[in-house]
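Take a look at the structure below.
The values are calculated or read from the model by the stated rules, or taken from the named source; none is laboratory data. As the structure is a computational prediction, the values presented were derived from the model and not from experiment. As a convention, Cβ positions derive from the backbone with ideal geometry for all residues, glycine included, and neighbour counts pool all protein chains shown.
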Amino acid sequence: MKYYIIAGERSGDLHGGNLIKALKSKDSQAEIRCWGGEEMQNAGGELVVHYKEMAYMGFWEVLVHLKAIKQKINFCKEDILSFRPDALILIDYAGFNLRIAKFASQHNIPVHFYISPKIWAWNQKRAYKIKKFVDYMYVILPFEKEFYKKFDFEVDYVGNPLLDAIRAYKPNTDFQYKEQNVIAVLPGSRKQEVQAMMENLKGVALDFPDEQFVIAGVSNLEIELYDGWQEIDNVDLIFDQTYDLLSHSKAALVTSGTATLETALFEVPQVVVYKTGKISFAIAKRVVKVEFISLVNLILNKEAVRELIQDEFNPENLKKEFQKILPKGENRESILKDYKLLKDMLGDEDTSQITADLMAGRVMG
């Protein structure tokens, strides 16, 4: 069978790669064309567009790049019609993928949506559009199944694919920082996120000279974004070794996103931070419907880990909250206890294989 898969972000590429492997184990003749990255390509997908060409963040940034986004959408539509897949598989990335879902539905191409857009956070009425244009939805957060029930849309909860990725991870015994007091710094995979973290990191690192801060860089961004770390003795920069870093860290500073959940699953106490452009944040404040931004807190429905958002994300606040998650810090034990509860809530399923089995069964009949 023929599958067309679209992932527009780094995390989507990771999950898409695992899904492709699982699909091929179920359907050995599968032809897969995809938008994503190296993970999906290495798993056997024919890469059409790399996600780094689509990494726009915030309302204002999307508006600025609207022409380029429209060109990508038009190209995508033409490519889908040319390939004529038996199934279109969309991975998160709502703004782009929901437009493609509508198009595919109008051309009688079955639409499978893996990893629901976070419409419960800021645009719940999109559930009606999803119900209209998406044939099958596979959700990865426990509360999402109940959310869609409110719109009379039955979806499949398949567990969380991060559990698959972490289960498959093999520790690097030669990791260079394993004997040190390592603090993971996960600044995100978008330009604005990295800039915000780098602006605030120096003050914290200088106040904690006995800790070794290690920045988890991503190779698809310009290395110049990380400039400044060389000036601080106890700060280092590595690339594409996030799991090695987390497996050897005693605490972490993490930009909100998938990394907050990864950090929790590695049982590393964290402070979550987030800062975007002023216009984007002003718009978001008016439309966001949830109390928290980190996946850890959203799943647990409480502030298990401290969140520093926008103006609260500054060196003084970061120092104060960082101190609380170090050994003997006042928040550390409660965070670790909540992490255990989080793991219980997520379950222990082989998410990629469960999803692939459902998809292939529906496509192949």
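Here are some notes:
- Yes/no for PHE208 being hydrophobic (A, V, I, L, M, F, W, C) and assigned by TED's automatic domain parsing to the domain that holds ILE325: yes
- Scan of the stretch 1-16 for residues that are surrounded by fewer than 24 Cβ atoms within 10 Å (Cβ to Cβ) and modelled with pLDDT of 95 or more, ordered by number: MET1, LYS2
- Some residue of the stretch 215-223 being hydrophobic (A, V, I, L, M, F, W, C), in contact with a strand residue (DSSP E or B) (Cβ under 7 Å, 6 or more places away or on another chain) and closer than 26 Å to ALA304 by Cα: yes
- LEU225 being within 27 Å of ASP164 (Cα to Cα) and either surrounded by 21 or more Cβ atoms within 10 Å (Cβ to Cβ) or assigned by TED's automatic domain parsing to the domain that holds PHE313 (or both): no
- Test result for LYS324, assigned to a helix (DSSP H, G or I), without any contact (Cβ under 8 Å) to a residue 12 or more places away in the chain and not assigned by TED's automatic domain parsing to the domain that holds TYR138: no
- Pairs, first at positive phi in the stretch 30-45, second in a helix (DSSP H, G or I) and among the basic types (Lys, Arg), C-beta under 9 Å, six or more apart: GLY44/LYS21; GLY44/LYS24
- Residue in the stretch 182-201 that is at pLDDT below 95, touching a helix residue (DSSP H, G or I) at 6+ places or on another chain (Cβ under 7 Å), at positive phi and not assigned by TED's automatic domain parsing to the domain that holds ASN18 present: yes
- LYS149 being basic (Lys, Arg) and more than 26 Å from LEU265 (Cβ to Cβ): yes
- Residue list for the stretch 110-133, restricted to those being without any contact (Cβ under 8 Å) to a residue 60 or more places away in the chain and farther than 26 Å from SER256 by Cβ: VAL111, TYR128, LYS131, LYS132, PHE133
- Here the condition is being touching a Lys or Arg at 6+ places or on another chain (Cβ under 9 Å) and either modelled with pLDDT under 95 or closer than 23 Å to VAL204 by Cβ (or both); of ASP357, ASP350, ASP344, it holds for ASP350 alone.
- Residue match in the stretch 237-249 (condition: surrounded by fewer than 22 Cβ atoms within 10 Å (Cβ to Cβ), small (Gly, Ala, Ser) and modelled with pLDDT under 90): no
- The residue pairs whose first member lies in the stretch 229-253 and is of a type in the set (D, E, K, R), whose second member is buried (at least 17 other Cβ atoms within 10 Å of the Cβ) and not in a loop (DSSP other than H, G, I, E, B), and whose beta carbons are closer than 6 Å, counting only pairs six or more residues apart or on different chains, are ASP236/VAL214.
- Selected residue [surrounded by 13 or more Cβ atoms within 10 Å (Cβ to Cβ), among the acidic types (Asp, Glu) and more than 21 Å from the chain's Cα centre (by Cα)] from GLU312, GLU316: GLU312
- Among the residues of the stretch 66-107, those identified as on the phi > 0 side of the Ramachandran plot and not hydroxyl-bearing (Ser, Thr, Tyr) are ARG84, ASP92.
- Members of the stretch 205-221 found to be over 20 Å from ALA259 (Cα atoms) and touching a helix residue (DSSP H, G or I) at 6+ places or on another chain (Cβ under 8 Å), listed by number: ASP207, PHE208, GLU211
- The stretch 204-222, subset among the hydrophobic types (A, V, I, L, M, F, W, C) and over 18 Å from THR255 (Cβ atoms), residue surrounded by the most Cβ atoms within 10 Å (Cβ to Cβ): PHE208
- In the stretch 17-39, of all residues being of a type in the set (D, E, K, R) and outside any loop (DSSP other than H, G, I, E, B), the one that is surrounded by the most Cβ atoms within 10 Å (Cβ to Cβ) corresponds to GLU39.
- If you go through the stretch 212-222 and keep only what is out of contact with any Leu (no Cβ under 8 Å at 6 or more places or on another chain) and modelled with pLDDT of 90 or more, you end up with just GLN212.
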